[in-house]
1. Kindly indicate whether residue 74 is away from the ligand (no atom under 13 Å from the Cβ) and of a type in the set (Ser, Thr, Tyr).
2. Out of 194, 162, 232, which single residue is at pLDDT below 95 and not small (Gly, Ala, Ser)?
3. Out of all the residues in the range 253-281, which are acidic (Asp, Glu) and either in contact with a Pro (Cβ under 7 Å, 6 or more places away or on another chain) or over 20 Å from residue 191 (Cα atoms) (or both)?
4. Could you list all residues from the range 102-149 that are aliphatic (A, V, I, L, M), within 22 Å of residue 276 (Cβ to Cβ) and within 20 Å of the chain's Cα centre (by Cα)?
5. Taking only pairs six or more apart or across chains, which ones have beta-carbon atoms under 6 Å, a first residue in the range 22-42 that is more than 20 Å from residue 168 (Cα to Cα), and a second residue that is of a type in the set (Lys, Arg) and in a helix (DSSP H, G or I)?
6. Of all residues being assigned to a helix (DSSP H, G or I), in contact (Cβ under 8 Å) with a residue 24 or more places away in the chain and over 14 Å from residue 184 (Cβ atoms) in the range 116-136, which is farthest from the ligand (Cβ to nearest atom)? Just the residue, please.
7. In the range 101-114, how many residues are surrounded by fewer than 19 Cβ atoms within 10 Å (Cβ to Cβ) and more than 13 Å from the ligand (Cβ to nearest atom)?
8. Given the conditions (1) modelled with pLDDT of 95 or more; (2) in contact with a helix residue (DSSP H, G or I) (Cβ under 6 Å, 6 or more places away or on another chain), and given that residue 276 satisfies all but one, which numbered condition is not satisfied?
Amino acid sequence: MSGERRTQDPGRADRLPPIAFIGGGNMASAMIKSLAALPLPPQMTVSEPDPGKRASFTALGLTATADNCQATASARIVCLAIKPQMSAQVVPELGAAWAADKVLVSILAGMSTATLATWLPAGARVVRAMPNTPLAIGKGMVGLCRGKHASDADLALAEALFAPCARVLRVSDEARMDAVTAVSGSGPAYFFRFAEALVDAAVQLGFTRDEAILLVGQTGAGSWDYLLASGFEAKRLREQVTSPGGTTAAALQVLEEQDFSGIISRALAAAQRRGQELGRG
Ligand SMILES: NC(=O)c1ccc[n+]([C@@H]2O[C@H](COP(=O)([O-])OP(=O)(O)OC[C@H]3O[C@@H](n4cnc5c(N)ncnc54)[C@H](OP(=O)(O)O)[C@@H]3O)[C@@H](O)[C@H]2O)c1
């Protein structure tokens, strides 16, 4: 049904075809920085209404414009990185500069490939991506699916676009993108919420806020790296540190009494449901 691909090696010699970013906000900027750092950076154009942001892209050696059509005309990959509510106004404008060899890679939350395609000339190739914010430090997670007219080669191009800043999971059924959103799109907020609760609880135990952030931050980062390095399931590592009758067992019992797994499961289901509702408009 779907599978993670080890995407293009960022150090690989192939140069990506010219890319236009429509919208030069937070997500686009993070992608641009990672692409600009490639050994063979692609030609990139950014279309962005804010002159200050345009100047920062020009300083990086990119072409910056306020003309979405001009940017689209210059590229083979057109990465749509505006807010979803702008799409009905912006995407139809791109049609004037559209050509059959272009692929639209949209990172807009909740916006289907079918809706995007209706605003472009018939047969337009659209790939939908759901990234998350750790992309800003090159550690993003991106779900990808293709629209009706997009090819495997288009998906591969989209994977290569994200490879320098994220890992990629291909999803063959677009309806599953709401589940991707629930798990990895919204996922950073779950980790941040858990960290927030741990820091607050550590302060209640008498630590200063800075001490609590150090204790929690290093424990979180170390535990996650340890989990990945060990190659084990989280359950096994959790059991290793949980002696019967010990301190960890006492803490985990409180979580289990509150149906910890059930809470997380209901939270993700709520996120998926909300994604479906937003997608219906
Ligand atoms: N942030 C996340 O966690 C996340 C995760 C997954 C997906 N996404 C999706 O990523 C997209 C971008 O998010 P973001 O956080 O990067 O938003 P953002 O920082 O607000 O970026 C959007 C950019 O588009 C520009 N823009 C506005 N009108 C435009 C127009 N007519 N033509 C071209 N550009 C225009 C905005 O410029 P001004 O600021 O000057 O208006 C802004 O720089 C959203 O659709 C969101 O759903 C975000």
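1. Spelling it out, residue 74 is indeed away from the ligand (no atom under 13 Å from the Cβ) and of a type in the set (Ser, Thr, Tyr).
2. On the way: 194 fails: at pLDDT below 95; 162 fails: at pLDDT below 95.
None of the others qualify; the one that does is 232.
3. Result: 257, 277.
4. Result: 107, 108, 109, 111, 116, 126, 127, 129, 130, 141, 142, 144.
5. 24/53
6. Of everything passing the filter in the range 116-136, 117 is farthest from the ligand (Cβ to nearest atom).
7. Here is the first cut: in the range 101-114, the residues surrounded by fewer than 19 Cβ atoms within 10 Å (Cβ to Cβ) are 101, 109, 114.
Of the ones still in play, those that are also more than 13 Å from the ligand (Cβ to nearest atom) are 101, 114.
Result for the range 101-114: 2.
8. Unmet for residue 276, out of (1) modelled with pLDDT of 95 or more; (2) in contact with a helix residue (DSSP H, G or I) (Cβ under 6 Å, 6 or more places away or on another chain): (1).
The values are calculated or read from the model by the stated rules, or taken from the named source; none is laboratory data. If you're wondering where the values come from, they're calculated on a predicted model, not measured in any experiment. Heads up, the Cβs are rebuilt from the backbone with ideal geometry, glycines too, and the neighbour counts pull from every protein chain shown.
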